[in-house]
Number of protein chains: 4
Amino acid sequence: MLDCENMYSFYNDYSEGAHSRIIEALQRCNDSQETGYGEDAFSLEAASILKTTMGNVDVDVHLVSAGTQANLIAFTCMLRPHESVIAASTGHIAVHEAGAVEATGHRINTVAVIDGKLTPSDVQNVVDQHHDEHMVKPRAVFISQATELGTIYSKAELEALSDVCKNNDLYLYIDGARLGSALMSSESDVALADIARFADMFYIGGTKNGALLGEAMVITNPILKKEFRYFLKQRGALLAKGRVLGMQFVELFRDDLYFDLAKHANAMAEKLVGGLTALGYAFATRSTTNQIFPILPNAVIETLKIDYGFYIWSPAADEHSTIRLVTSWATKETAVDAFLSDLKRCS
Amino acid sequence: MLDCENMYSFYNDYSEGAHSRIIEALQRCNDSQETGYGEDAFSLEAASILKTTMGNVDVDVHLVSAGTQANLIAFTCMLRPHESVIAASTGHIAVHEAGAVEATGHRINTVAVIDGKLTPSDVQNVVDQHHDEHMVKPRAVFISQATELGTIYSKAELEALSDVCKNNDLYLYIDGARLGSALMSSESDVALADIARFADMFYIGGTKNGALLGEAMVITNPILKKEFRYFLKQRGALLAKGRVLGMQFVELFRDDLYFDLAKHANAMAEKLVGGLTALGYAFATRSTTNQIFPILPNAVIETLKIDYGFYIWSPAADEHSTIRLVTSWATKETAVDAFLSDLKRCS
Amino acid sequence: MLDCENMYSFYNDYSEGAHSRIIEALQRCNDSQETGYGEDAFSLEAASILKTTMGNVDVDVHLVSAGTQANLIAFTCMLRPHESVIAASTGHIAVHEAGAVEATGHRINTVAVIDGKLTPSDVQNVVDQHHDEHMVKPRAVFISQATELGTIYSKAELEALSDVCKNNDLYLYIDGARLGSALMSSESDVALADIARFADMFYIGGTKNGALLGEAMVITNPILKKEFRYFLKQRGALLAKGRVLGMQFVELFRDDLYFDLAKHANAMAEKLVGGLTALGYAFATRSTTNQIFPILPNAVIETLKIDYGFYIWSPAADEHSTIRLVTSWATKETAVDAFLSDLKRCS
Amino acid sequence: MLDCENMYSFYNDYSEGAHSRIIEALQRCNDSQETGYGEDAFSLEAASILKTTMGNVDVDVHLVSAGTQANLIAFTCMLRPHESVIAASTGHIAVHEAGAVEATGHRINTVAVIDGKLTPSDVQNVVDQHHDEHMVKPRAVFISQATELGTIYSKAELEALSDVCKNNDLYLYIDGARLGSALMSSESDVALADIARFADMFYIGGTKNGALLGEAMVITNPILKKEFRYFLKQRGALLAKGRVLGMQFVELFRDDLYFDLAKHANAMAEKLVGGLTALGYAFATRSTTNQIFPILPNAVIETLKIDYGFYIWSPAADEHSTIRLVTSWATKETAVDAFLSDLKRCS
């Protein structure tokens, strides 16, 4: 059993505060007088570093507070009133954003998927079914890398999606709330530069990888860059002290901190997968990122629930359920070890 | 002349980071595992402390990132599609929020004002002009305390506005971006409890009074409380790490820090007013808060611009202009002294 | 072969103008001076007659121009910003209204169905899947009577839907674009009074049953009546000459014209069904209303296409396709006979 | 006194039904089977005739039901989310459309005017006041020809407005609810071709000049033509029986009926102006169209109110009020004579 008075949380990757270097950066730079609303020296430096990191200086970078905010602003920018966005039925915008995209006036065309991933033929089918002005007109595709089910797109898959988008005049948008974990996956052949190459717009998630808050929106398609700060302002996303976001992204990307934190999260998940597999347990999806979905007997789940926090994702056959375990930059290896040891005892 | 290599900024009250106690709090509480999206221990504690401070436990408190965000969510909640909000023509929602309220579907009925303040008869006039379904139906009143011109409403004025609202079935909403400065004004007879008594909804501004970011929305009218977290989520305002906001408000309100910081800002503004008055300068508005609007000769302004940052607000007669000087919790008295001394020299 | 120079259209039920009595009524009442925007004597009389016809004087009646207009206004009225409407995946709002509901800010929760009909358990499932503020909150149910596939709900089915709605605090809305045909179906046990009893809001379709244009929205739930004319005005639905709509509904309902026209449409469809069945053809859905979906060999379809207009609905197995044949108040029996005779010849 | 049992209405120009030729056309063409949703032979012919009439075949024509509908769809098409439209404070969209434009997400920047007319410097001032992303971005200008106060723009004035629009990247939109009356004004030097030359989009009002309902939207700017039918459908403006609109515009424009009807309306207004002037009365605005605004003693107004319907527009000095008298294609000269004679008696 884990040596702590409370349960240890594998609920999500935003339970703790920020990496200590982030806090230190906030403290170190606290006194300087800065321009407001994202035009401070830190935000400008963050943009510059991010451009270098992705090997593309010809992009626009805007820092916002949260993922739902990033997503709703993205589609407000991309879509004319009659246009829609295609997403997996498990996509964050389709399930967990309280109708944020529809609140800006747009339909999400959802496609039922098993592993959280959209295929080019999914996209083409939706486009083909929308052929006249009595229907919405699909204009964008939303994917997450990593997906909400922990899976990732390979470079070939992203390229194929990019192609089907280009062929059908669709923008490709990538939700990168967990982009760090996806890029650092042991199975990933995708680099940040690839993301910038395939997506018309995407965001690099800070909140779930070491920051207190903050997502870096990146616009690669010139058409979408125009007057984007108006969209930010209108949706309440321009922080007066944009420096708070800027400092954090400078710190995460001035060396490899961002990637190192993601590697740690993945390593902790991998250790969990290894331990679970060794005990003979199966998984609902094949994940090499920081979210895993093992299938456990309900009795075992009950026991584990005493000392560990996690979500029961869905019921499975024969008195089993799928649970979700999430690791992060902050996950303690001792907690992972304790979890596996407790699991072994009650299996 | 101020002894620093750069100019000293009186541009606004969000140039610096956070008060040192805020940074320390973030560091101190960084490691605990917390529930996400505003249900963490710190946010709950902040709500509890704020209720005590305003002497009303029967309110709902929600912490958000920024003022425009607070305002747009407030009116999304208050107004049915055909309803509008009445505001001064100088009101923040009417000028400086990029149409955020209209983007949620609602008209702002603006009233031309001189000193930033709306009167009961302004409100009644707008209501009287809207009498059938060919027009929008005014349903809310927006005021700022302090206003965008540094002025404040007295308790009697707030009560009169509250009365005209009640008589016309209007919600009263108070934008408190600079509520601290207003409450601590030497001329104020208004307490936080009064704000909570007169307003149906309001927010207590953190960003402009010592926090890194954060505004505390307070809902006093029970009708407006229902399902409010949906509104927050849908507009992208629920931070995964809501703790960041919670911690800051705990720190600002667990003792009198919030009020002390506002007092300092006001004292610095008062010193500037005193110095300017002594030199014979007039002001565009009568302000006892942290924004002042002196009228200076253009030649003097040119000289001051070398070492000090401030906005030129509007042209005035005879080669004069109105400028805006803003002080804050972080304003250094040495900078104020230097400004006045430089001003004296070039006057 | 039909004796006419052009093809005869079974494309839809809005190919012709209006029933001759409608045109006569427009002519007869053309000169009177009337109040505008739906407050004319004819609109008031239409409302009065409709209330009598449905045996409920405690409803509000508003006349609008078109079905999509009726639907989008209905949900604008029923739903707060975070609320959604549940509909069959084949529902008109989900497919053929160009995202009109989403353009007012609301998600449609679609449920895959086979026969166009939503069941109580469909509704309950959607409600159960939406349990917190990260998701939209279902607040209304949309059904069509008859459905887009020609099927109808029985009284028991409507009652069960009404019950599940009441149990879950959902409004029940019925799109009655083809309500006449549904009520007059040989298999229907539903009266107009039942529709008014079960639905919180619905509309009685005029356009597809003899009118030039016009749908009568009926609000039975008192909560939804308030300030409804504002919603009409704001969405452009208040015609200056509302008399045009009023006159038509007076004429359709001052005796049984509306029901007689629907009976004719159904009789024509029934004759087609009888002839097709006699020739051994099957149908994709079981319809006793004015839309039928026979499955024919593609070669036969090609031949029929020369002289008759109709939509090919979807491909079926073995070189067959489902086609849609629509009859109306205006369908000529000679055309039906000719169609069946031509079909027999080429089968 | 007028020989009729009821009062005679000068309330507006939509009191009666349609010109008899319109009714006859509806009857004559009632039986043909037509394609739905605006693609019928009549709508196509109407578009063709209108293009010829305005001497420009390079425009798109779309027929809709009502003016508010036309206006809200126009700005939905023209404006990106952060963009606004400039209008006179008396403009129809700013006062009498229940916030229809805001409901699509856009601010109206209103300018106080005396005679209902916007000047180039009004427009330039608004543009100049909006300089960064904290504000909305003006992108269109709304004017009415004739204005809501009966006044008209000259060709030179329209050209100057067009110039200021072009210089500032603004679309010019003309609400032509009363375009017929404006073009036929004795003082007008503007032809329909001029309207088509200066406006990026406008509509030709049918409802107030002889039609039962219907406005012809004309798009001259190629950028605005793209996918416009989606906008119509999404806002509920595509009538299934678009023929109803098509037939009316064919009838109004296949010869000079539309212009003749407007001439009659103007002649009746002119006769009223002449009679009122002869009696020594003044007017609030100088109008040569079908709306006039005489200033009468309140006692006289009370007497006239017994036999004539009209709106009291606003109070004037010394126990006088401004009233609005509206004439139309249907106004009877005997009624005008009776009004003037009764006025003479009670003056």
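For the range D:216-238, name all the residues that are outside any helix (DSSP H, G or I) and either open to solvent by less than 10 Å² (accessible area, probe 1.4 Å) or among the β-branched types (Val, Ile, Thr) (or both).
D:216, D:217, D:218, D:219, D:220, D:236, D:237
Out of all the residues in the range B:270-304, which are open to solvent by less than 60 Å² (accessible area, probe 1.4 Å) and either in a helix (DSSP H, G or I) or on the phi > 0 side of the Ramachandran plot (or both)?
B:272, B:273, B:274, B:275, B:276, B:298, B:300, B:301, B:304
Which of the numbered conditions does residue C:333 fail, given that it passes all the others? Conditions: (1) touching a residue at least 24 places away in the same chain (Cβ under 8 Å); (2) more than 19 Å from residue C:147 (Cα to Cα); (3) crowded, with 18+ Cβ neighbours inside 10 Å.
(3)
Residue check: is residue C:304 in contact with a Lys or Arg (Cβ under 7 Å, 6 or more places away or on another chain) and modelled with pLDDT of 95 or more?
Criteria not met by residue C:304.
Quick check, is residue B:118 within 30 Å of residue B:269 (Cα to Cα), more than 14 Å from chain A (Cβ to nearest Cβ), open to solvent by less than 30 Å² (accessible area, probe 1.4 Å) and free of Cβ contacts under 8 Å to residues at least 60 places away in the same chain?
Taking the combined requirement at face value, the residue satisfies it.
In the set A:281, A:258, A:311, which member is within 14 Å of chain B (Cβ to nearest Cβ) and either hydroxyl-bearing (Ser, Thr, Tyr) or closer than 30 Å to residue A:49 by Cβ (or both)?
A:311
State yes or no: is residue B:244 in contact with a strand residue (DSSP E or B) (Cβ under 8 Å, 6 or more places away or on another chain) and over 30 Å from residue B:335 (Cα atoms)?
No: the conditions fail for residue B:244.
How about the range C:1-21: which of its residues are open to solvent by less than 30 Å² (accessible area, probe 1.4 Å) and outside any loop (DSSP other than H, G, I, E, B)?
Residues satisfying the conditions are C:8, C:9.
Which of the following residues is modelled with pLDDT under 95, assigned to a loop (DSSP other than H, G, I, E, B) and surrounded by fewer than 17 Cβ atoms within 10 Å (Cβ to Cβ): D:318, D:255?
Going through D:318, D:255 in turn, the sole match is D:318.
Here's a check for you: in the range B:258-269, which residue that is under 24 Å from residue B:347 (Cα atoms) and open to solvent by less than 40 Å² (accessible area, probe 1.4 Å) is farthest from the chain's Cα centre (by Cα)?
That would be B:268.
Taking the range C:135-157 as the region of interest, how many residues are assigned to a loop (DSSP other than H, G, I, E, B) and either surrounded by fewer than 24 Cβ atoms within 10 Å (Cβ to Cβ) or not small (Gly, Ala, Ser) (or both)?
Here the count works out to 10.
Is there a residue being touching a residue at least 12 places away in the same chain (Cβ under 8 Å) and closer than 18 Å to residue A:147 by Cα anywhere in the range A:295-307?
No, the range A:295-307 contains no residue that is touching a residue at least 12 places away in the same chain (Cβ under 8 Å) and closer than 18 Å to residue A:147 by Cα.
Taking residue C:53 and the conditions (1) out of contact with any helix residue (DSSP H, G or I) (no Cβ under 7 Å at 6 or more places or on another chain); (2) modelled with pLDDT of 95 or more; (3) more than 14 Å from chain D (Cβ to nearest Cβ), which numbered condition does it fall short on, given that it satisfies the others?
(1)
Out of C:68, C:76, C:104, I need the residue that is within 8 Å of another protein chain (Cβ to nearest Cβ) and touching a residue at least 60 places away in the same chain (Cβ under 8 Å). Which one?
None of the others qualify; the one that does is C:76.
If you take the residues of the range A:1-25 that are of a type in the set (A, V, I, L, M) and at the interface with another protein chain (Cβ under 7 Å from one of its Cβ atoms), which of them is farthest from residue B:332 (Cα to Cα)?
A:18
So if I check each of B:83, B:45, which one is more than 10 Å from chain A (Cβ to nearest Cβ), over 20 Å from residue B:330 (Cα atoms), among the charged types (D, E, K, R) and open to solvent by less than 30 Å² (accessible area, probe 1.4 Å)?
Exactly one residue qualifies, and that residue is B:83.
Determine if the range A:204-211 includes at least one residue that is open to solvent by less than 30 Å² (accessible area, probe 1.4 Å) and either away from every other protein chain (no Cβ under 12 Å) or closer than 24 Å to residue A:157 by Cα (or both).
Checked the range A:204-211: at least one residue is open to solvent by less than 30 Å² (accessible area, probe 1.4 Å) and either away from every other protein chain (no Cβ under 12 Å) or closer than 24 Å to residue A:157 by Cα (or both).
Go through the range B:160-196 and count every residue that is surrounded by fewer than 17 Cβ atoms within 10 Å (Cβ to Cβ) and of a type in the set (D, E, K, R).
Number satisfying all stated conditions: 5.
It is to be established whether one or more residues within the range C:290-306 are out of contact with any helix residue (DSSP H, G or I) (no Cβ under 6 Å at 6 or more places or on another chain), within 14 Å of another protein chain (Cβ to nearest Cβ) and of a type in the set (A, V, I, L, M).
no
Listed here are the residues, each with its yes/no results for (1) closer than 28 Å to residue A:210 by Cα; (2) in contact with a Ser or Thr (Cβ under 8 Å, 6 or more places away or on another chain).
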residue	(1), (2)
B:224	no, no
B:229	yes, no
B:260	no, no
B:271	no, no
B:279	no, yes
B:302	no, no
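Only one of (1) free of Cβ contacts under 8 Å to residues at least 40 places away in the same chain; (2) under 21 Å from residue D:256 (Cα atoms); (3) at the interface with another protein chain (Cβ under 7 Å from one of its Cβ atoms) is not met by residue D:28, so which one is it?
Only one criterion in (1) free of Cβ contacts under 8 Å to residues at least 40 places away in the same chain; (2) under 21 Å from residue D:256 (Cα atoms); (3) at the interface with another protein chain (Cβ under 7 Å from one of its Cβ atoms) is unmet by residue D:28, namely (3).
Name the residue, out of C:237, C:199, C:193, that is within 19 Å of residue C:93 (Cβ to Cβ) and touching a Gly at 6+ places or on another chain (Cβ under 8 Å).
Every option except C:237 fails the conditions.
Any residue at all in the range B:129-144 that's among the basic types (Lys, Arg), over 22 Å from residue D:76 (Cα atoms) and away from every other protein chain (no Cβ under 14 Å)?
Among the residues of the range B:129-144, not one is among the basic types (Lys, Arg), over 22 Å from residue D:76 (Cα atoms) and away from every other protein chain (no Cβ under 14 Å), which makes the answer no.
Is it the case that residue A:227 is on the phi > 0 side of the Ramachandran plot and not small (Gly, Ala, Ser)?
It is true that residue A:227 is on the phi > 0 side of the Ramachandran plot and not small (Gly, Ala, Ser).
The values are calculated or read from the model by the stated rules, or taken from the named source; none is laboratory data. Values in this document were obtained by computation on a predicted structure and should not be read as measured data. All Cβ positions, even for glycine, are placed from backbone atoms using ideal geometry, and neighbour counts span all protein chains on display. To get the accessible areas, we keep the full protein, side chains included, count just its heavy atoms, and leave off ligands, DNA and RNA. Shrake-Rupley method; radii C 1.70, N 1.55, O 1.52, S 1.80 Å.
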